[in-house]
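What follows is a single structure, written as structure tokens, with notes after it.
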Amino acid sequence: MNWIPHIFRRRKMYDDLANEMRLHIEERSEQLMREGMNAKEAERQARVAFGNSTLLEERSREVWQWPTMESIWADLRFSIRQLRKSRGITLAAVFTLAMAIGANAIVFGLMDGLILRPLNVPQSESLYGTNYGNNPTWQSYPNYLELRDRNHSFEDLAAFNMVLGVGLDTGNDPASANGFATTGNYFDVLRIQPMLGRFFHASDERGPNSAPYIVLTYAYWHARFQGDPRVVGRQVRLDQHPYTIVGVAPPGFQGTISFIAPDFFMPIVNQEQLGMDGLSTRFTEHSVFESMGHLKTGVTPARAVADVDAVSAFLEKTYPKQIAHKSTALNREGLTSFAPAALGLVAALMLLAALILLAACANLGSVFAAHTADRSREIALRLALGSNRTRILRQLFTEAVLISLAGGALGLLASIVLLRRLSVWQPMPDVPIHLPVSPDAKLYAVALGLALVSAFLFGIVPVRQVLRANPYEIVKAGTNARLGKRIAARDVLLVVQIAICAVLVTSSMVAVRGLIRSLHSNFGFDPHNTMAAGVNLVTAGYSLEKAPAMQRRMIEALQTIHGVESVGLVNGYPPLVYTAGDRENVFKEGTSDLRPANAALVPFHYEVSPGYFAAAGTSLLAGRSFSWQDNKDAPAVAVINREFARIIYGSVSNAVGRNFKLHDGTEAQVVGVVEDGKYMSLTEDQEAAMFLPFLQSPSTSAYLMVRSHRDPQELAAAMRNKIHLLDASLPVETQTWINLLEPVMFPSRMATLSLGVMGVLGVMLSITGIFGMAAYSVSKRLHELGIRIALGAKKTEVLRAALGRPLKLLAIGSASGLLLGLLATKVLAYIVYQATPRDPFVLAGVVLAMLVVGLLATWIPAQRALSVNPLILLRED
Amino acid sequence: MPIENKPMTESNARDLFPGALEMMILESLRRQPAHGYALVQHIQQRSKNLLQVEEGSLYPALQRLLKAKLVKAEWGVSSTNRRVRTYQITAAGLNHLEQQISSFERMFEGISLVLNPGKATTG
């Protein structure tokens, strides 16, 4: 094509054309003059005969143009000029859209990272796994082996477990690291290849603790070993045990839970060495986190579930004392049992973000309509001069698109920054959480799409105004002419916008209240002023037999610290820590057939020392707590919670002195009843729990709980000191109980934080909306207000005249938004603990917030209305 | 049926069917090269002022012909000593004109048949 020379020749062509047309008119008027007309009349006649020369010239030029592109370019330049003229409105609009589009982009990024994006392994679509915590006592290593060998659905089945907080020592620098303990076939099941060295395989497993190999993740290899390729073959120590680094995993592979980034992988057959549950126990859920594998071609997930159920039924029959299998759920590998919660949160956030965008569009729509009305004279002139309406609309849309693209770009930028920060965010010190959110082309496309959609949404508002405009009327009417009626669509838009914002404010208030309530709800213990010391005796070489004596010495040593009120010990983890609740079947006294199906209850169980209830702040409702006499030689005893007593014995007072059977048939006598509490999660229904004396079921891994009002730092140091006096080689990990509760609080904190941000955005949008409306109505009516003041109106009357309407709209919008918001909290209750709409604080809070919004937003316009000087105003005309 | 009250400005453009003006320009230029003003004069005279064309509407049509390379233009001086841009038909223009005329004649014949069935058969 020869369009390139065209562009350079075009200037000349246009000049030629203009000259030619001018000469034509000259020639005609000379002709007319020769026929006897005077010069002025001749020229007029010539022009009339020629027609609309501007329009004709433009038509002629259009012949040469790349037609739409050039007129779009012209629109673009004109729009930029227009936008620069009303800089305030433009900036406000861009900022509003940036907030709305940014919020949407972030939510999309989260959804993409958590839900849409598959695990970074080949053919991840056929990779299915069991859910952690779905079936207590089912996910154990022996059961995994049976499932692996007996199922007909999986090509091969691998399993993994999490090993958190292991001391990894490369020479003389032990540092806490987190890993996955995996079955030997893990990498082969996932079909991935090492980046460096080799992976371990099924053939490396030769019984317990037989495979001292670790594979580093790419990120950890870089962070800890500076990406040194000679790392393969190097010896390191994990909790004092020697291991060989055999390889490095490929970049982008970070295990099989999408939001957890481990540092290394080790064979599961070695996990017992690191103080994890043994592999021979069938009756546990702590030896395997999840089992997973690729479904065979042609096997549907439903068929696989039926298959796993069949294997489970067989196992239940074979090991009736150890297995009670309820049902199987298989999930796409990645989110495990967190999938519903994550989906719920993301869905709620998407909904709210969409509402924000809608509110922003309503806001911009009304601003745009007002802006168009202000420009009615300009538009009327253009119509009168022969421009057509599509051309004017196209130009208005160009302005809308420009604003939304700028807003979209700004919002995208903000969301990229925030998502980058989210991806390196470590909300909990002990859990290697890594949100796999990374801005990519998809995100850019979404932001662009949203920008265009919102440009369309708010750009369409003034269309009717322009289509209906009658240029003659407007030009005649002078400077006060407006397009459209007085009760404009603007008012409706503003009410919609305020209503949406009130919904946002209501939901975020409900969420915040829910969180506050859950922080202050009754846990069945008092985590304040309590320091926990995690001590794992196995890492210092203590056997199970020697553990209770050492633990007693530690308790007694800690009691001597100045300011300590009470000390107690709990095996494993205290309640609500790491969602690690352990359950066990119990049977009524007379039951002789101890199969799980006959169990009377499956309570959480804790093994605790004398003094534990005092240290935990758990109140005793009846009977006694444990003493040092409740040891191995004494009869088995138990303390139960109120719920346990209610279910089995009918009441608290009936329970003390009665018996029940533990899962192994031991008769235990109830010696005390304690208050109910939370054990595994904040949202659980009331669960039964029992406490057994730790001397009767010893363990090497325990937490010592110390209640004291002393400064936590000092107390922790004193505790470590006391324990090191007993054994200097014993690793002690101290944390406040409150800190240990972080993980369990995390989901509702996250939900509250994000909903809170949405609420703040909602408030900001209402402020801009009301402000825009109020400022506009004041500026349009300055004249009238000036006359009112000149005629002696009082301040209140002026304010009522100026701001009555915006405030009325605010009231209508807030009321309807509040109602809608209260309806929406039913949805919120899924993700926020204790979200209830029937809360006077929320109601009052929303009303108050919207009032403050109204005051803030109308303050400046009100000042302007009051400061009107009628003299100056009237002189202006 | 109520008569629609059309604004005056919109009807002018539709007085000629599309391409008619171009055809007349090409036909005039086939006889002799001319500049814009002369072309208008020529068309008006030849049509005995039956065709009231807005003089200026000639120019977009001329630009279209230029772009399609059916005519070429050159600045020069007229016999009356005016600076004028003279248009000349090209070979492609001649070709195009032949085609247009024959298709126009067929169309015209068709229209006449419809409007005046008795007359057409005798012709």
Quiz item: Consider A:T256 against the criteria (1) at pLDDT 90 or above; (2) in a loop (DSSP other than H, G, I, E, B); (3) surrounded by 14 or more Cβ atoms within 10 Å (Cβ to Cβ): it satisfies all of them except one. Which criterion is unmet?
Solution: (1)
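Could you check how many residues of the range A:22-58 are within 12 Å of chain B (Cβ to nearest Cβ) and either touching a residue at least 60 places away in the same chain (Cβ under 8 Å) or of a type in the set (S, T, N, Q) (or both)? Spell out how you get there, then give the answer.
First, pick out the residues of the range A:22-58 that are within 12 Å of chain B (Cβ to nearest Cβ): A:22-31, A:34, A:45-58.
Then drop every residue that is not either touching a residue at least 60 places away in the same chain (Cβ under 8 Å) or of a type in the set (S, T, N, Q) (or both), which leaves A:29, A:31, A:45, A:52-55.
Residues in the range A:22-58 being within 12 Å of chain B (Cβ to nearest Cβ) and either touching a residue at least 60 places away in the same chain (Cβ under 8 Å) or of a type in the set (S, T, N, Q) (or both): 7 in total.
Listed residues A:L56, A:L76; which is surrounded by fewer than 18 Cβ atoms within 10 Å (Cβ to Cβ) and at pLDDT below 90?
A:L76
Please enumerate the residues belonging to the range B:58-67 that are touching a residue at least 40 places away in the same chain (Cβ under 8 Å) and either within 8 Å of chain A (Cβ to nearest Cβ) or of a type in the set (S, T, N, Q) (or both).
Step one: of the range B:58-67, the residues touching a residue at least 40 places away in the same chain (Cβ under 8 Å) are B:61, B:64-65.
Scanning the range B:58-67 gives a single hit, B:R64.
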Practice problem: Could you figure out which of (1) within 23 Å of A:H528 (Cα to Cα); (2) outside any helix (DSSP H, G or I) isn't true of A:Q713? | Solution: (2)
Quiz item: Restricting the search to the range B:19-44, which residues are over 9 Å from the mean Cα position of the chain (by Cα), within 13 Å of chain A (Cβ to nearest Cβ) and assigned to a helix (DSSP H, G or I)?
Solution: B:G36, B:Y37, B:A38, B:L39, B:V40, B:Q41, B:Q44
Self-check item: Answer residue from the range A:653-681, given it is of a type in the set (V, I, T) and within 42 Å of the chain's Cα centre (by Cα) and is farthest from A:L576 (Cα to Cα) among those
Solution: A:V673
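Is it the case that the range B:87-109 has a residue that's within 12 Å of chain A (Cβ to nearest Cβ) and either touching a His at 6+ places or on another chain (Cβ under 8 Å) or free of Cβ contacts under 8 Å to residues at least 60 places away in the same chain (or both)?
Filtering the range B:87-109 down to residues within 12 Å of chain A (Cβ to nearest Cβ) leaves B:87.
Imposing the further condition that a residue be either touching a His at 6+ places or on another chain (Cβ under 8 Å) or free of Cβ contacts under 8 Å to residues at least 60 places away in the same chain (or both) reduces the set to B:87.
Within the range B:87-109, one or more residues are within 12 Å of chain A (Cβ to nearest Cβ) and either touching a His at 6+ places or on another chain (Cβ under 8 Å) or free of Cβ contacts under 8 Å to residues at least 60 places away in the same chain (or both).
Matching residues to (1) part of a helix (DSSP H, G or I); (2) touching a helix residue (DSSP H, G or I) at 6+ places or on another chain (Cβ under 8 Å); (3) modelled with pLDDT under 95:
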residue: A:S508; (1), (2), (3): yes, yes, yes
residue: A:R517; (1), (2), (3): yes, no, yes
residue: A:G524; (1), (2), (3): no, no, yes
residue: A:V535; (1), (2), (3): no, yes, yes
residue: A:Q551; (1), (2), (3): yes, yes, yes
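So if I check each of A:L569, A:L576, A:L558, which one is in a helix (DSSP H, G or I), of a type outside the set (G, A, S) and crowded, with 20+ Cβ neighbours inside 10 Å?
Working: A:L569 fails: in a helix (DSSP H, G or I); A:L576 fails: in a helix (DSSP H, G or I).
Within the list A:L569, A:L576, A:L558, the selection yields A:L558.
Of the residues A:T398, A:T372, which single one is of a type outside the set (F, W, Y) and over 35 Å from the mean Cα position of the chain (by Cα)?
Details: A:T398 fails: over 35 Å from the mean Cα position of the chain (by Cα).
Sole residue among the options that is of a type outside the set (F, W, Y) and over 35 Å from the mean Cα position of the chain (by Cα): A:T372.
Quick one: would you say B:L50 is aliphatic (A, V, I, L, M), away from every other protein chain (no Cβ under 14 Å) and part of a loop (DSSP other than H, G, I, E, B)? Working first, answer last.
Working: aliphatic (A, V, I, L, M): yes; away from every other protein chain (no Cβ under 14 Å): yes; part of a loop (DSSP other than H, G, I, E, B): yes.
Taking the combined requirement at face value, the residue satisfies it.
Considering every residue within the range A:59-74, establish whether at least one is at the interface with another protein chain (Cβ under 9 Å from one of its Cβ atoms) and aliphatic (A, V, I, L, M).
Initial filter on the range A:59-74 (at the interface with another protein chain (Cβ under 9 Å from one of its Cβ atoms)): A:59-64.
Going one step further and asking which of them are aliphatic (A, V, I, L, M), we end up with A:63.
Yes, that holds for at least one residue.
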Quiz item: Do any residues in the range A:725-747 that are free of Cβ contacts under 8 Å to residues at least 60 places away in the same chain and assigned to a helix (DSSP H, G or I) have Cβ atoms under 7 Å from those of residues that are acidic (D, E) and surrounded by fewer than 17 Cβ atoms within 10 Å (Cβ to Cβ), where the two are at least six apart or on different chains, and which pairs are they?
Solution: none
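Kindly provide the set of residues from the range B:55-83 that are touching a helix residue (DSSP H, G or I) at 6+ places or on another chain (Cβ under 7 Å), within 22 Å of A:E26 (Cα to Cα) and of a type outside the set (D, E), ordered by number.
Filtering the range B:55-83 down to residues touching a helix residue (DSSP H, G or I) at 6+ places or on another chain (Cβ under 7 Å) leaves B:55-65, B:67, B:69-71, B:73, B:82-83.
Narrowing further to those that are within 22 Å of A:E26 (Cα to Cα): B:55-63, B:73, B:82-83.
B:G56, B:S57, B:L58, B:Y59, B:P60, B:A61, B:L62, B:Q63, B:A73, B:R82, B:R83, listed by residue number.
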Quiz prompt | Cβ-Cβ under 6 Å pairs, at least 6 apart or on other chains, the range A:255-268 side closer than 11 Å to A:F200 by Cβ, far side outside any loop (DSSP other than H, G, I, E, B) and of a type in the set (V, I, T) | solution = A:F265/A:T182; A:F265/A:V215; A:M266/A:I214; A:I268/A:T182
Practice problem: Mind listing whichever residues of the range A:401-417 are more than 27 Å from A:I72 (Cα to Cα) and surrounded by fewer than 18 Cβ atoms within 10 Å (Cβ to Cβ)? | Solution: A:A414, A:V417
Practice problem: Take the range A:583-599 and flag every residue that is without any contact (Cβ under 8 Å) to a residue 60 or more places away in the chain and part of a loop (DSSP other than H, G, I, E, B). | Solution: A:G590, A:S592, A:D593
Exercise. Specify the residue that is nearest to the chain's Cα centre (by Cα); the eligible residues are those in the range A:141-194 that are closer than 21 Å to A:D239 by Cα, hydrophobic (A, V, I, L, M, F, W, C) and buried (at least 19 other Cβ atoms within 10 Å of the Cβ).
Key: A:M162
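Can you tell me which residue in the range B:68-86 is farthest from the other protein chains (Cβ to nearest Cβ), limited to those that are small (G, A, S) and closer than 22 Å to A:A18 by Cβ? Before the answer, list the steps.
The initial filter retains those residues of the range B:68-86 that are small (G, A, S), namely B:68, B:73, B:76, B:78-79.
Then drop every residue that is not closer than 22 Å to A:A18 by Cβ, which leaves B:68, B:73, B:76, B:78.
Values: B:A68: 9, B:A73: 8, B:G76: 12, B:S78: 9 Å.
The residue in question is B:G76.
The values are calculated or read from the model by the stated rules, or taken from the named source; none is laboratory data. The model shown is predicted, which means the values in this text are computed figures rather than measured ones. Virtual Cβ from ideal backbone geometry, glycine too; neighbours counted across all protein chains shown.
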